């Protein structure tokens with residue numbers, strides 16, 4: 001840290017995540033019938049003071065008049081505040097301790113609860129300036145010291161003038177009183193701190209808006225605990241990704257933007273300029289054009305099972321791993337398939353629709369139990385095999401067909417060909433992936449081979465079924481019914497009309513791609529994919545990626561981690577190690593894995609090395625991306 005750099009830092013909603021007097025009010029008034037209303041009133045007074053609508057003296061007088069707090073409540077508050085230290089300050093305690101001599105805390109809060117937090121962070125009590133409470137004989141708070149600079153309007157300015165600090169002064173805070181120090185001309189820079197709260201009136205007057213203390217240190221080229229401020233890593237989540245993923249990423253300190261709808265290629269290109277992590281579901285396509293418009297993109301999360309909407313090879317060549325959730329919605333899809341089988345075999349949907357129209361049609365004609373029927377599963381992967389077990393427990397005979405050799409579960413029997421399965425099955429259900437070779441795997445010829453009167457389900461991919469051929473099989477009576485959840489062309493949002501030849505056909509259940517749309521499945525997917533993205537950001541682990549060399553890495557301990565993504569050509573590893581050897585850098589661990597197109601080298605090294613080494617590694621031939629973690 002430069003010796004002439006001085007930091008003046010606010011306390012409430014900056015060093016801690018909350019306004020301490022608001023928390024004190026909740027503690028002191030707990031159990032009181034008017035607790036909620038008084039706390040809300042105190043919060044309103046706090047906000048007006050922070051935005052400069054009333055003076056600090058007025059704000060303090062009004063709030064203390066409502067508090068009804070005692071010394072015992074202060075003790076309880078201190079315990080709460082120790083748990084409410086702002087994460088980016090807590091994470092950078094080493095920096096705060098090392099440079100405490102040049103760090104000052106100015107607050108309109110009170111020393112009684114401020115000093116314990118200051119000591120927790122390794123800062124100096126003598127550099128902390130705050131108000132003090134006045135008590136009566138019973139320990140009740142009855143006022144505050146009016147002789148203190150910070151008890152009055154423009155008190156932080158008065159305090160700063162009294163200290164006569166020399167050097168470049170940077171003020172960090174979230175309130176209008178923090179900005180006033182810059183307005184007075186006494187400081188060089190005011191940084192609006194928004195990790196905990198964003199105040200427009202403060203941010204618009206700031207020299208810089210920082211979403212974390214890491215960002216402040218990064219701006220000033222100071223040593224940080226993290227190699228890059230997480231608050232500067234922007235995440236764009238589309239198509240209504242589950243809130244648990246949003247919460248996980250925000251808790252990690254990432255800057256998250258969400259949209260409920262999918263974006264077309266042009267819209268996505270326009271949105272990607274500063275996006276580091278992209279989260280999508282099934283409707284948003286990630287193309288070469290999108291990748292070219294996303295220079296900061298680190299990884300893509302597909303919050304679903306399939307990844308056909310993402311050009312995986314193109315992503316790899318741009319150094320962008322793609323993560324999905326291959327197992328997270330298996331149960332949801334299986335349960336939907338079972339439910340639809342029962343409804344189709346009993347003609348439930350057809351007669352229910354008639355009854356809604358006033359048509360009473362009580363009959364057993366064309367209605368059957370599942371028990372004893374033959375189920376043909378096309379695709380015996382995670383979903384198909386689980387469906388196999390549950391269907392057999394209902395008394396069905398299970399047959400399956402898969403181009404990959406799969407171990408049969410229970411009493412399931414493998415068919416040698418697709419046509420063999422189609423000819424014997426009373427129920428045919430597709431659970432295949434979206435590879436190009438599966439396009440129209442169920443066409444006119446295949447539907448012609450289906451056992452007459454069977455029912456058909458597709459909960460896999462829209463393009464694997466020829467819709468005209470399916471419609472013909474239904475109208476011709478070859479199929480007794482069908483359930484379809486996926487389509488060759490699907491609306492991008494709920495506002496767009498769904499168009500299909502399947503509309504209006506009897507005993508045909510149409511669902512809007514909701515096979516995995518249960519709260520349980522979406523939460524599982526949100527948790528799983530968000531953690532893969534966070535792990536990649538934090539450790540460089542590519543485990544679970546569908547397009548990248550899979551490397552599961554240990555935690556980083558007292559080292560720097562160098563992540564090098566390159567085209568898979570000879571000599572890269574040798575060149576990397578030559579640069580490290582020339583710089584006399586001790587390698588603590590090294591990991592390499594390749595695919596046909598790219599290589600991924602992770603090297604853990606001692607912390608001491610020349611910045612020139614980093615520049616040389618970035619310019620190794622055929623480098624795609626390079627970053628440093630610590």
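The values are calculated or read from the model by the stated rules, or taken from the named source; none is laboratory data. Just so it is clear, the structure is predicted and the values come from calculations on it, not from any experiment. Note that we place each Cβ from the backbone using ideal geometry, even for glycine, and neighbour counts take in every protein chain shown.
Observations on the structure shown:
- Candidates are the residues of the range 256-278 that are part of a strand (DSSP E or B) and touching a helix residue (DSSP H, G or I) at 6+ places or on another chain (Cβ under 7 Å); the one that is farthest from residue 305 (Cα to Cα) is 256.
- When residues of the range 617-630 are limited to those that are surrounded by fewer than 17 Cβ atoms within 10 Å (Cβ to Cβ) and free of Cβ contacts under 8 Å to residues at least 60 places away in the same chain, the one farthest from residue 576 (Cα to Cα): 622
- Scanning the range 27-67 for residues that are touching a residue at least 60 places away in the same chain (Cβ under 8 Å) and either surrounded by fewer than 17 Cβ atoms within 10 Å (Cβ to Cβ) or out of contact with any strand residue (DSSP E or B) (no Cβ under 7 Å at 6 or more places or on another chain) (or both) gives 49, 50, 51, 52, 55, 57.
- Within the range 241-254, none of the residues are farther than 20 Å from residue 170 by Cα, free of Cβ contacts under 8 Å to residues at least 60 places away in the same chain and part of a strand (DSSP E or B).
- Flag if residue 248 is under 27 Å from residue 514 (Cβ atoms), out of contact with any helix residue (DSSP H, G or I) (no Cβ under 8 Å at 6 or more places or on another chain), crowded, with 17+ Cβ neighbours inside 10 Å and at pLDDT 95 or above: no
- Within the range 520-539, considering residues that are in contact (Cβ under 8 Å) with a residue 40 or more places away in the chain, out of contact with any helix residue (DSSP H, G or I) (no Cβ under 8 Å at 6 or more places or on another chain) and surrounded by fewer than 23 Cβ atoms within 10 Å (Cβ to Cβ), the one nearest to residue 328 (Cα to Cα): 524
- Within the range 547-629, strands (runs of 3 or more DSSP E) holding 3 or more residues that are under 25 Å from residue 325 (Cα atoms): 587-594, 598-605
- The single condition among (1) over 20 Å from the mean Cα position of the chain (by Cα); (2) in a loop (DSSP other than H, G, I, E, B); (3) closer than 14 Å to residue 263 by Cβ that residue 289 does not meet is (2).
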